[in-house]
Structures are given as C-alpha cells and as structure tokens.
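Novice: Just passing along the structure, written as structure tokens.
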Amino acid sequence: MQTLTTTSLRIRKSQLWILDQQALPQRAEWHLCRTVDDLVGHIHALRVRGAPLIGLSASLLLAQLAEEGMPVAELHQALATLRASRPTAVNLMNNLDRMKIALEQRFHIPAMVQEAEGLVGEDRELCDRIATHGAELVTAGSRLLTHCNTGGLATAGVGTALGVIHRAHQQGKVSQVWVDETRPLLQGGRLTAWELGELKIPYRLICDSMAASLMAKKQVDAIWVGADRIAANGDVANKIGTYSLAVLAKYHGIPFYVAAPHTTHDPHCPNGEAIPIEQRAAKEVTGVSGSFGDVQWAPVDAEVYNPAFDVTPAELVSGWVLDSGVVTPEQVRDGIFRAAR
Ligand code: MRU
C-alpha cells in the first residue's frame, strides 16, 4: 500500500497505524494494527470510532493482510469478523461489501489494495462535497450547536457536520459553536473541542443537559449532527442524545440538519426501528475512563441502560446534507431514500 495520512489513520511501510481517540486530547498516541483482533479491540474501545472511519480502517487492514499473503479463506473470515465489530454504522458494511467484491477477483491482492485506497480518497471527496453543500445553509453570524464528533478524526477528510461548520467558518459565517460534551463517552468534550481548537474556531463546551436552556434563550441558530445510518424513510441513527436535540429544535423552531456521505444511507433498512442499536457496558455510565484513569461514582451494582445511539424520526429533520446535495423533507416524503442509488 502507498503511504497515506489522514487525521487519525496512517499507512507507513504498508502497515496500518491508528490514532488513539481515547487518549486524545491529553496524548496523541499511535497504535500499530497488525491483526484483526488488534483492530476489533480498538473499535470496541472506541480508539477507532466514527461511522466513516470504522469502515475505512477495516478496509485498510484487510488490504494489508492480503498484501502480507493471508490465504483467501482467512481473508473472508477476517472480513466477517470486522463486519460484526460494531452493528449500527452502515458505512462499515458498505465499505466491506466493496472489499468483498475485490477479494473475489482473480488478482485479489492488487484489487483489495486499490479498493481500500480508493475508499479513503473517496471519503475525502465526499466530506468536501458535504461541506460545500452544507455551508450554503449556514447564515452569517450563526451560533451552531453540534453533538458527538464528526470531524477529521471520524473521517478521511474534513468531516461531515464538523466539516460543514469548518467550511462555513472559513466563509466567515460562524460566530460560535456550542459543543455538547456527549455523555457517556465524551466525544464532544474530548474530540470536537480539541478539533475546533486546532482549527481555531471559537467554541464553548456545554453539558448535554444545558442545550435546552440555550435554545430557550435564543442562543442557538442551527443544530448540525452526523449519522451512523439513514433508513429508507429518512430516520437517522446517531450518537445517543441526538434525538433529544431534534425534539428540542422542533419545539424552539431551530433548523436541525444531518450531514452524512451516501455510504451512511441504507436503502434496505425501512425505518429507524429496524436499525440495530449497539448496547454498551454499564461502567461507561457508572463512571468515566480516560487517559486520567478510571473514576466510578455510581454504586458498583447499579443497573444501567447504555445504548450507544438513538433514532431521530425523519419528521424532525430539516435537511439531510449528503455529498450529492441537500435532501429536503418533501423529497424524503416522496421516497428519495427508497430509490436505488
Ligand atoms: O460511538 P461513536 O463515537 O463511533 O459515534 C459516532 C457518531 O455518532 C457520529 O456522529 C457518526 O458516526 C458520524 S461521524 C462522521
């Protein structure tokens, strides 16, 4: 494979390295991924996270294993294991479908390398197009609120929702970003805050529970989030807490935009109820873990509900900003997401 660099993935001497998104922002630690078990462990621990990035890292690792001479039957097994590593983000399945086609070619090694590298290049371009379309929706002087992390860390390019915010800021239209800390795993407080700081975009960090009062005080002009899966009826699975923002936005008359590449769209999934939602460990809610260590505040035997994602019904979304352009609620009602792309 060729040398490759994104914010959180690197290929050096045909080896995959990942930036540890659990150590950020305190430490920038890179881990070498040699095996499927290595990468699955990183994905489970959210050291590698974000819908597009999960699919890209899995594709690059498969290409690496093919180059190293792994037999075809084992590559099929590796692909199946990676496919099962997280259930909600459909980008992983979409990317691996393409890698499977490459694996079935007669000269599968160059085909897989070309496909994995191509997916990275494509994701960069998709992010760029989303940023262009989305920035057109941002009005001058906007105070934008975002949830979770949808930036360069989560993609191969400028990001999805955060890419839009970045582009609109470059155009002088963003006065401030409100960053939801995004409990329980703090992707906003740790990663989005870090990325906005690096980009020199003014932001203020809030606890998730503060968003409602900000909206009531007319301090939020629009909400921008990413997606892990968009169903055929336009329902959107994204980081837990997204749905509450959408309900709040509707009540306060604030536009609520979802930004995602077409690799996040699942035409085979009829609606949000059919989207598999990952359930995670209790300890993520009973305390926090990070580069500072583990802190537990709840009773050790506390019963916990910890879904990683929730579903926002299509009727709460003002616009789906894709690489192909902005999809309106009317177009969704007319079945645009059901059409084959
Ligand atoms: O559990 P995570 O951190 O992988 O969840 C990520 C999100 O929910 C993002 O909003 C989504 O994947 C889009 S990233 C461009």
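Novice: Among (1) hydrophobic (A, V, I, L, M, F, W, C); (2) within 12 Å of the ligand (Cβ to nearest atom); (3) within 16 Å of the chain's Cα centre (by Cα), which single condition is Leu245 missing?
Specialist: (3) is the only condition that Leu245 fails.
Novice: Is it the case that some residue within segment 88-95 is assigned to a helix (DSSP H, G or I), touching a Leu at 6+ places or on another chain (Cβ under 8 Å) and under 20 Å from Trp17 (Cβ atoms)?
Specialist: yes
Novice: Something else: Tally the residues that are of a type in the set (Lys, Arg) and under 27 Å from Cys127 (Cβ atoms), restricting the search to segment 258-299.
Specialist: Residues meeting the conditions: 1.
Novice: Looking only at segment 256-304, filter to residues that are in a strand (DSSP E or B) and of a type in the set (S, T, N, Q); which one of those is farthest from the ligand (Cβ to nearest atom)?
Specialist: Gln296
Novice: Let me ask something else about it. How many residues are among the polar types (S, T, N, Q) and assigned to a helix (DSSP H, G or I) if we restrict to segment 17-74?
Specialist: Summing the residues that are among the polar types (S, T, N, Q) and assigned to a helix (DSSP H, G or I) in segment 17-74 gives 3.
Novice: Follow-up. Among what's in segment 123-134 and is acidic (Asp, Glu) and surrounded by fewer than 20 Cβ atoms within 10 Å (Cβ to Cβ), pick the residue that is farthest from Leu16 (Cα to Cα).
Specialist: Taking the candidates together, the pick is Asp128.
Novice: Which of the residues spanning segment 201-250 are surrounded by fewer than 24 Cβ atoms within 10 Å (Cβ to Cβ) and of a type in the set (Asp, Glu)?
Specialist: Asp208, Asp221
Novice: Test of understanding: among Ala63, Ala23, which residue is within 16 Å of the ligand (Cβ to nearest atom), open to solvent by less than 10 Å² (accessible area, probe 1.4 Å) and touching a residue at least 60 places away in the same chain (Cβ under 8 Å)?
Specialist: Exactly one of Ala63, Ala23 is within 16 Å of the ligand (Cβ to nearest atom), open to solvent by less than 10 Å² (accessible area, probe 1.4 Å) and touching a residue at least 60 places away in the same chain (Cβ under 8 Å), namely Ala23.
Novice: Taking only segment 66-86 into account, find how many residues are surrounded by 20 or more Cβ atoms within 10 Å (Cβ to Cβ) and in contact (Cβ under 8 Å) with a residue 60 or more places away in the chain.
Specialist: Residues in segment 66-86 being surrounded by 20 or more Cβ atoms within 10 Å (Cβ to Cβ) and in contact (Cβ under 8 Å) with a residue 60 or more places away in the chain: 1 in total.
The values are calculated or read from the model by the stated rules, or taken from the named source; none is laboratory data. Since the structure is predicted, the reported quantities are computational estimates derived from the model, not experimental observations. Please note: Cβ atoms are built from the backbone with ideal geometry, for glycine as well, and neighbour counts cover all protein chains shown. We work out accessible area using only protein heavy atoms, side chains counted, and drop any ligands, DNA or RNA first. Shrake-Rupley method; radii C 1.70, N 1.55, O 1.52, S 1.80 Å.
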